[in-house]
């Protein structure tokens, strides 16, 4: 069933996840803090400091059906630009039941494969609203557990759109 687009307070990315939601995955995480540096591009973000780094949520408006392109664009940020084959090292997972469409990736740093940093991302879309979740900490651990954590947080965020 298609989901209609809803308007939201464009400065309220922190309203999509509670601190309790985040602490269930990242025990001891600090309270979420609104991050506004990309606001001029229509991107709103919230950041939680965790024991192993940061967990971030970003949201913006885009044409429906752009999840695949968006996550591949974000993944490029951790790939070695001098190794074009690095993009083939990333394993993308389509995830059901999270918004209209969702994809995730979880990869540990692997310079020989062209992956320059630990990365765990989930990109989901509901109507014209995109949500991206990002954590390097989850990229260092168990892949299946990281995908489950991203899925849980993604479902919670989409439910609050």
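For residue 89, the stated conditions hold: it is modelled with pLDDT under 95 and touching a helix residue (DSSP H, G or I) at 6+ places or on another chain (Cβ under 6 Å). In summary, strands (runs of 3 or more DSSP E) completely within the range 77-129 and bearing 2 or more residues that are surrounded by 16 or more Cβ atoms within 10 Å (Cβ to Cβ), touching a residue at least 12 places away in the same chain (Cβ under 8 Å) and on the phi < 0 side of the Ramachandran plot occur at 101-107, 119-126. Can you say whether residue 65 is in a loop (DSSP other than H, G, I, E, B), crowded, with 20+ Cβ neighbours inside 10 Å and either in contact (Cβ under 8 Å) with a residue 60 or more places away in the chain or on the phi < 0 side of the Ramachandran plot (or both), as far as the supplied structure shows? Against the criterion (in a loop (DSSP other than H, G, I, E, B), crowded, with 20+ Cβ neighbours inside 10 Å and either in contact (Cβ under 8 Å) with a residue 60 or more places away in the chain or on the phi < 0 side of the Ramachandran plot (or both)), residue 65 does not qualify.
Selection over the range 19-49 of residues that are without any contact (Cβ under 8 Å) to a residue 24 or more places away in the chain, over 21 Å from residue 123 (Cβ atoms) and in a loop (DSSP other than H, G, I, E, B) gives a count of 3.
The values are calculated or read from the model by the stated rules, or taken from the named source; none is laboratory data. All figures in this text were calculated on a predicted structure; none of them were measured in a lab. Glycine also receives a Cβ, built like all others from the backbone with ideal geometry; neighbour counts cover every protein chain displayed.
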